[in-house]
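Accompanying notes for the structure given below.
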Amino acid sequence: MASEIPTPEPIVASCLLDASPEDVFAAFADTARLAAWWGPAGFETRFLAFDFRPEGEWRFVARAPDGTEHAVEARFVSLEPARRVVVDHLSAPRHRLDFLLERRGRQTEIVLTVDLDDPEAWARLRRAVRQAAEQSFDRLGMDVFRHLERSGG
């Protein structure tokens, strides 16, 4: 009996940071800052191309803790300052990352929606994607905190 592969539904993860949406968006827009927090714990990111505008190219190499390197091609689909960052991940497995930034008093809620079209990739990666998102949020939170502390914000 063949096992059924579930139909992909968006993977959603969220976090709350003690910063404004403007401060959080700035951590996406700055190449040095984004490279410092992008990806799961222990990963290092080296940018090859970074054109932070709608339809802009983004290519990078993500180096895992075990030394394995993953070349990634992506494209910025939509950028709304202090509101939203949408990225199409063009390397396999293809997927869309949609970061929504919502002001919650003095904090920002980040809601990440990940759409994977491939049912097999979705079934294989859904737990790992959620875990990687949580680790990236932790790294983002530390980056924003350090930046605000340095700038006196």
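The values are calculated or read from the model by the stated rules, or taken from the named source; none is laboratory data. These numbers were taken from a predicted model, which means no experiment stands behind them. So basically every Cβ, Gly included, is an ideal-geometry build from the backbone, and we count neighbours across all protein chains shown.
Of all the criteria given as (1) surrounded by 13 or more Cβ atoms within 10 Å (Cβ to Cβ); (2) of a type in the set (A, V, I, L, M); (3) outside any loop (DSSP other than H, G, I, E, B), the one not satisfied by A49 is (1). Kindly indicate whether E120 is more than 30 Å from S20 (Cβ to Cβ) and either among the hydroxyl-bearing types (S, T, Y) or without any contact (Cβ under 8 Å) to a residue 24 or more places away in the chain (or both). When the stated conditions are applied, E120 does not pass them. Of the residues making up the range 110-153, just one is touching a Leu at 6+ places or on another chain (Cβ under 7 Å) and surrounded by fewer than 16 Cβ atoms within 10 Å (Cβ to Cβ), namely V111. If you go through the range 1-22 and keep only what is modelled with pLDDT under 95 and not in a strand (DSSP E or B), you end up with M1, A2, S3, E4, I5, P6, T7, P8, E9, P10.
Considering only residues of the range 107-153 that are among the polar types (S, T, N, Q) and part of a helix (DSSP H, G or I), which is farthest from the chain's Cα centre (by Cα)? Here the answer is S151. Checked against (1) assigned to a strand (DSSP E or B); (2) surrounded by fewer than 17 Cβ atoms within 10 Å (Cβ to Cβ), W58 meets all criteria but (2). Restricting attention to the range 81-99, the residues that are without any contact (Cβ under 8 Å) to a residue 40 or more places away in the chain, in a strand (DSSP E or B) and in contact with a Lys or Arg (Cβ under 8 Å, 6 or more places away or on another chain) add up to 5. For the range 61-80, residues that are under 15 Å from W38 (Cα atoms), of a type in the set (G, A, S) and part of a loop (DSSP other than H, G, I, E, B) total 1. Only one entry of F25, F50 meets the criterion of being out of contact with any Pro (no Cβ under 6 Å at 6 or more places or on another chain) and modelled with pLDDT of 95 or more, and that entry is F50. Among what's in the range 14-39 and is of a type in the set (S, T, N, Q) and under 18 Å from L79 (Cβ atoms), pick the residue that is nearest to the chain's Cα centre (by Cα). In this case the residue turns out to be T31.
When you go through (1) over 15 Å from the mean Cα position of the chain (by Cα); (2) among the acidic types (D, E); (3) closer than 23 Å to G141 by Cβ one by one for E69, which number turns out not to apply? The one condition E69 does not meet is (3). The set of residues in the range 82-104 being under 14 Å from D117 (Cβ atoms), in contact with a helix residue (DSSP H, G or I) (Cβ under 9 Å, 6 or more places away or on another chain) and not hydrophobic (A, V, I, L, M, F, W, C) consists of P93, R94, H95.
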